[in-house]
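Heads up, the thing below is written out as structure tokens.
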Amino acid sequence: MTLPGATLRGLADDEILHWLALVLTPGLGTKRMLDLLRQYGSAEAVLRQEPRELESAGVAPAVAQSMASGCTFDDAARAVEELKAQGADVVPLTDRRYPARLREIYDPPPVLFAKGRLELLDTVMVAVVGSRRPSAYGLAVAERLGKDLAAAGVTVVSGMAKGIDTAAHGGALSAGGATVAVFGCGLDVIYPAENRRLAERIARDGLLLTEFPPGTPAHPQNFPIRNRVVSGLSEGVVVVEGKQYSGSLITARLALDQNREVFAVPGNITQPSSFGPNLLIKQGAQLVQSSQDILDGLGVDARARLARQPALPLPQTAADPESPMSHIAAQVFSFLSLDKPVCLDDLIERLPHVSPSELIAVLFELEESGRVRQLPGRSYVKVWIE
């Protein structure tokens, strides 16, 4: 999208103030805001218009009066101070740092709020999305894809929701790679709250991103809006798990509308969470068995960019499937699987010759080696290691 009279440069403080004043105008939706920007060329020019002129451009009378009064500048000034306190950046649509692919979509956010490594906005990105209540199989796949894509130089994008999103972000970080978390709320509102530590790590090693101003709560209606940014940033969207009417299917449909590649990980046909990816495959999405399927399915330009950068080495803490295990550890490991959690009580029953304290010590050792993951309820699964 090109705006008349706009230049792709970092903006001065007064320009940022105008952008925020425009974004914070009550009742002015994204589509109308983009129309005004196309017509008048800049946020400052829009806000200088008389109410009658704005009304003739399709703005509701009450909204036009609010814009012309300048009352939102006080809110904008407070937002600037809050963003500075958070160490966050403002990236308007006309800023050269604004991601090019996102600018191309039908309704790009007029302003992005960001915290972390802004240079990631100019990298090859792939979204990994899925269920908030995934199976152990889905978690294992999402983490592994996040890790392998990041090791190949891809920036992994997701929404930092519970489940698949969290696993994908964590996998990318464990490989020493990059990840972008797109919020459905303000940067100062961590949702879900249990992901606070993950958000802190992404702010340091990756990038937190949102179109919602500071203080915006995590309203349910914000997340479908957020999903278009997840897909819009990305070369392609990978769906790991999702029910019939899930947010991940919404993201996949948005990706198709935005001319992005859609990938899906097949699942057990008896599980409701497999409906989404299996349906997408039936409709023509690219089936994913490994990260290489995703890399091969990206566009020519994206593959060329990845080929020009060195792949990251796998982390030294990654488990070595050839390293020896103790006899007891091997027994415990043999009772576990990738997709069916086994609780501690079941392991105690299956291994009566091993004391509970010794079993817990062995499980801890397997966790530390990266072979086993503990799930809620003191259940355990194998980690996907080839």
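Only a single item in (1) of a type outside the set (Val, Ile, Thr); (2) closer than 30 Å to Arg52 by Cβ; (3) free of Cβ contacts under 8 Å to residues at least 12 places away in the same chain is not met by Pro92, and it is number (3). Of all the numbered requirements in (1) among the aliphatic types (A, V, I, L, M); (2) in the same structural domain as Gly232 (by TED's automatic domain parsing); (3) buried (at least 23 other Cβ atoms within 10 Å of the Cβ), Leu112 misses one, and that requirement is (2). Listed by position, the helices (runs of 4 or more DSSP H) inside region 311-386 whose residues that are modelled with pLDDT under 85 number at least 2 are 327-334, 356-368. When you look at Gly153, is it on the phi > 0 side of the Ramachandran plot, out of contact with any Asp or Glu (no Cβ under 7 Å at 6 or more places or on another chain) and not in a helix (DSSP H, G or I), yes or no? Answer is yes for this residue.
Kindly indicate whether Ala136 is at pLDDT below 95 and among the hydrophobic types (A, V, I, L, M, F, W, C).
Considered against the rule, which asks whether it is at pLDDT below 95 and among the hydrophobic types (A, V, I, L, M, F, W, C), Ala136 comes out as yes.
Only one of the numbered conditions (1) assigned to a helix (DSSP H, G or I); (2) surrounded by fewer than 24 Cβ atoms within 10 Å (Cβ to Cβ) is not met by Gly276, and that is (2). When Arg96 is tested against the conditions (1) within 18 Å of Gly186 (Cα to Cα); (2) out of contact with any helix residue (DSSP H, G or I) (no Cβ under 8 Å at 6 or more places or on another chain), the lone failure is (1). Quick check: anything in region 190-205 hydroxyl-bearing (Ser, Thr, Tyr), crowded, with 24+ Cβ neighbours inside 10 Å and over 25 Å from Thr270 (Cα atoms)? For region 190-205, residues hydroxyl-bearing (Ser, Thr, Tyr), crowded, with 24+ Cβ neighbours inside 10 Å and over 25 Å from Thr270 (Cα atoms): absent.
For region 225-243, a residue qualifies if it is touching a Lys or Arg at 6+ places or on another chain (Cβ under 7 Å) and either modelled with pLDDT under 95 or in a helix (DSSP H, G or I) (or both), and the qualifying residues are Ser231, Gly232, Leu233.
This table checks each residue for (1) of a type outside the set (A, V, I, L, M, F, W, C); (2) closer than 22 Å to Asn259 by Cα; (3) at pLDDT 95 or above; (4) surrounded by 20 or more Cβ atoms within 10 Å (Cβ to Cβ).
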position	(1), (2), (3), (4)
Gly70	yes, no, no, no
Phe73	no, no, no, no
Ala79	no, no, no, yes
Arg96	yes, no, no, no
Tyr106	yes, yes, no, no
Val124	no, yes, yes, yes
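Look at region 123-140: where a residue is free of Cβ contacts under 8 Å to residues at least 12 places away in the same chain, no partner that is small (Gly, Ala, Ser) and buried (at least 23 other Cβ atoms within 10 Å of the Cβ) sits 6+ places away or on another chain with Cβ atoms under 7 Å.
Table: residues versus (1) in contact with an Asp or Glu (Cβ under 8 Å, 6 or more places away or on another chain); (2) touching a residue at least 40 places away in the same chain (Cβ under 8 Å); (3) over 26 Å from Glu81 (Cβ atoms); (4) part of a helix (DSSP H, G or I).
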site: Leu173; (1), (2), (3), (4): yes, no, yes, yes
site: Gly177; (1), (2), (3), (4): no, yes, yes, no
site: Val189; (1), (2), (3), (4): no, no, no, no
site: Glu200; (1), (2), (3), (4): no, no, no, yes
site: Leu209; (1), (2), (3), (4): no, yes, no, no
site: Phe212; (1), (2), (3), (4): no, yes, no, no
site: Gly215; (1), (2), (3), (4): yes, yes, no, no
site: Phe223; (1), (2), (3), (4): no, yes, yes, yes
site: Tyr245; (1), (2), (3), (4): no, no, yes, no
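The residue pairs whose first member lies in region 335-363 and is outside the structural domain of Ala142 (by TED's automatic domain parsing), whose second member is small (Gly, Ala, Ser) and part of a helix (DSSP H, G or I), and whose beta carbons are closer than 6 Å, counting only pairs six or more residues apart or on different chains, are Leu338/Ala140; Asp339/Ala136; Pro341/Ala136; Val362/Ala329. A search for C-beta distances below 6 Å between a residue of region 35-63 that is modelled with pLDDT of 90 or more and surrounded by 15 or more Cβ atoms within 10 Å (Cβ to Cβ) and any residue that is assigned to a helix (DSSP H, G or I) and aromatic (Phe, Trp, Tyr), counting only pairs 6+ apart in sequence or on different chains, returns Ala43/Trp19; Val46/Tyr40.
The values are calculated or read from the model by the stated rules, or taken from the named source; none is laboratory data. Owing to the predicted nature of the structure, the values given are computational and were not obtained by experimental measurement. No Cβ is skipped: glycine too gets one built from the backbone with ideal geometry, and neighbour counts run over all protein chains shown.
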